[in-house]
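Written below as structure tokens is the structure these notes are about.
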Amino acid sequence: MQPNRVIIHADFDYFYAQCEERENPSLKDKPVVVCIYSGRGEDRGAVSTANYIARKYGVKSGIPILQAKRRLKDIDAAFLPANFELYEKVSENIMSILKSYGDKFEQMGIDEAFLDVTQKTNGNYEKAKELAQKIQTEIWEKEKITVSMGIGPNKLIAKIAAGRQKPLGLTEVKPDDAESFLFPLPVNELLGVGKKTTEVMHEMRINTVGELAKLDVEKLTKRFGKVLGTYFHNAANGIDSSQVQERGMAESVSHILTLKEDTRDLDALLEVAYKICDDISSRARELNLSFKTISVQLVLQDMSASSRAKTFDAPVESIDVLKNTAKELFQKLLEEISEELKARRLGVKISGFAVGRQAQKHITEFAKD
Ligand code: TTP
Ligand code: CA
């Protein structure tokens, strides 16, 4: 008999703000607000996320920065611009720890992932709990970031469980406890039940997941259509057979770096660009990918960005082709951009992937058999 599935969902706590606290521990005991500035004037833009101290003042993702400032008036709070390079790097490190523990791994976004640990734990929830604690400890020791986790018999339940206790929460829902866990929750806790759907459900006198679960499925399909109605019915009853799946091939591999000194000297640019080329081509090699398109980008002192790309008819994989093409493209870019401005940042990207020679060889060898 197949063991019960055991799925872990990991969700990093107040992620961007926590990265900022990690870099600067003096922020830890005050409100921290990570901002995405629109560039259309001082303090214009939206809050990306906030630490839990700031949330006590009503500051949360999506509200205008100005509103957050009003809510934290006269309070010693830190308003910081988002530093995506940092968050992406921390995310990458944590994801590779998570990945090493799953029979199967699926990254859902910058700070969320599913692990299928059915085989690793032989379907045993005690073992799964120990494993989750071990992963949390390793992530803390290596990255100094807290991650909350949910354990359940499917992705739907594991995800809801992960959001129940934060930070560093661990919530376990065994198959037999699925109904008592889900039924008291408000319907909007189910993925796909947004603001509008919640209103409609309230009109139908459905407030909790349990009430939704007991409703005749035909009433739901009549109101929401067959696909959604059936989904709501199954979800409310804790039924979800979707698998934890590796994501498909990346669409591009790129890297962007800030120059030590602003410049428009080709040799100085190429010194950095060639390092990026080495980095991205070794990543492509690891993934056994060849690529058709090479793009380069310069971000100038006024933060405007210009780019140029070249696409080959057939996929290439040689580092020399990559470097020579990057050189040619940067030369052209320098001729195009305003003479007044120097470059601050530069990036190189490869895309249009095909599976590389090694894999092709495997396929042809296989075909001969
Ligand atoms: P979330 O997981 O929604 O939030 P969080 O990690 O900040 O907090 P929690 O502890 O409740 O999980 O989002 C992950 C990151 O995505 C978040 O740190 C910042 C970013 N984000 C935005 O930039 N804008 C948004 O509207 C949301 C919701 C998130
Ligand atoms: Ca999160």
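Values as computed for the structure displayed
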read-out	value
Filter result for MET201 (over 30 Å from ILE53 (Cα atoms) and of a type outside the set (Gly, Ala, Ser))	yes
Residue that is nearest to ligand 1 (Cβ to nearest atom), among those in segment 144-165 that are over 22 Å from ASP240 (Cβ atoms) and either among the small types (Gly, Ala, Ser) or surrounded by fewer than 19 Cβ atoms within 10 Å (Cβ to Cβ) (or both)	THR146
Search result, residues across segment 1-21 that are away from ligand 1 (no atom under 13 Å from the Cβ) and either closer than 17 Å to ILE139 by Cβ or open to solvent by 10 Å² or more (accessible area, probe 1.4 Å) (or both)	MET1, GLN2, PRO3, ASN4, ARG5, ILE8
PHE224 vs. criteria touching a Phe, Trp or Tyr at 6+ places or on another chain (Cβ under 7 Å), open to solvent by 20 Å² or more (accessible area, probe 1.4 Å) and of a type outside the set (Val, Ile, Thr)	yes
Search result, residues across segment 22-42 that are at pLDDT 90 or above, in a loop (DSSP other than H, G, I, E, B) and either open to solvent by 20 Å² or more (accessible area, probe 1.4 Å) or among the hydroxyl-bearing types (Ser, Thr, Tyr) (or both)	ASN24, LYS28, ASP29, LYS30
One residue from LEU168, LEU191 being open to solvent by 40 Å² or more (accessible area, probe 1.4 Å), modelled with pLDDT of 95 or more, of a type in the set (A, V, I, L, M, F, W, C) and within 30 Å of ILE110 (Cβ to Cβ)	LEU168
One residue from ALA78, ALA17, ALA82 being among the aliphatic types (A, V, I, L, M), within 14 Å of ligand 2 (Cβ to nearest atom), at negative phi and touching a residue at least 24 places away in the same chain (Cβ under 8 Å)	ALA17
Selected residue (criterion: nearest to ILE110 (Cα to Cα)) from residues of segment 69-83 that are in contact with a Pro (Cβ under 9 Å, 6 or more places away or on another chain) and small (Gly, Ala, Ser)	ALA78
Residue selected from segment 49-61 under the condition within 11 Å of ligand 1 (Cβ to nearest atom) and part of a loop (DSSP other than H, G, I, E, B), by the criterion least open to solvent (accessible area, probe 1.4 Å)	ASN51
Per-region count, segment 62-113, residues surrounded by fewer than 14 Cβ atoms within 10 Å (Cβ to Cβ), within 12 Å of ligand 1 (Cβ to nearest atom) and of a type in the set (S, T, N, Q)	0
Total residues in segment 294-323, condition out of contact with any Leu (no Cβ under 7 Å at 6 or more places or on another chain) and part of a loop (DSSP other than H, G, I, E, B)	4
Qualifying residue in segment 129-146 (condition: in contact with a strand residue (DSSP E or B) (Cβ under 9 Å, 6 or more places away or on another chain), in contact (Cβ under 8 Å) with a residue 60 or more places away in the chain and within 16 Å of TYR16 (Cα to Cα))	yes
Options ALA326, ALA268; residue that is part of a helix (DSSP H, G or I) and either at positive phi or touching a residue at least 40 places away in the same chain (Cβ under 8 Å) (or both)	ALA326
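Conditions (1) within 18 Å of SER295 (Cα to Cα); (2) free of Cβ contacts under 8 Å to residues at least 12 places away in the same chain; (3) touching a helix residue (DSSP H, G or I) at 6+ places or on another chain (Cβ under 6 Å); (4) in a helix (DSSP H, G or I), marked per residue:
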residue	(1), (2), (3), (4)
GLY229	no, no, yes, yes
HIS233	no, no, yes, yes
ILE239	no, no, no, no
GLU246	no, no, no, no
TYR274	yes, no, yes, yes
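The values are calculated or read from the model by the stated rules, or taken from the named source; none is laboratory data. Model, not experiment: these values are computed from the prediction. All Cβ positions, even for glycine, are placed from backbone atoms using ideal geometry, and neighbour counts span all protein chains on display. Just so you know, the surface numbers come from the protein's heavy atoms only, side chains and all, with ligands and any DNA or RNA stripped out. Shrake-Rupley method; radii C 1.70, N 1.55, O 1.52, S 1.80 Å.
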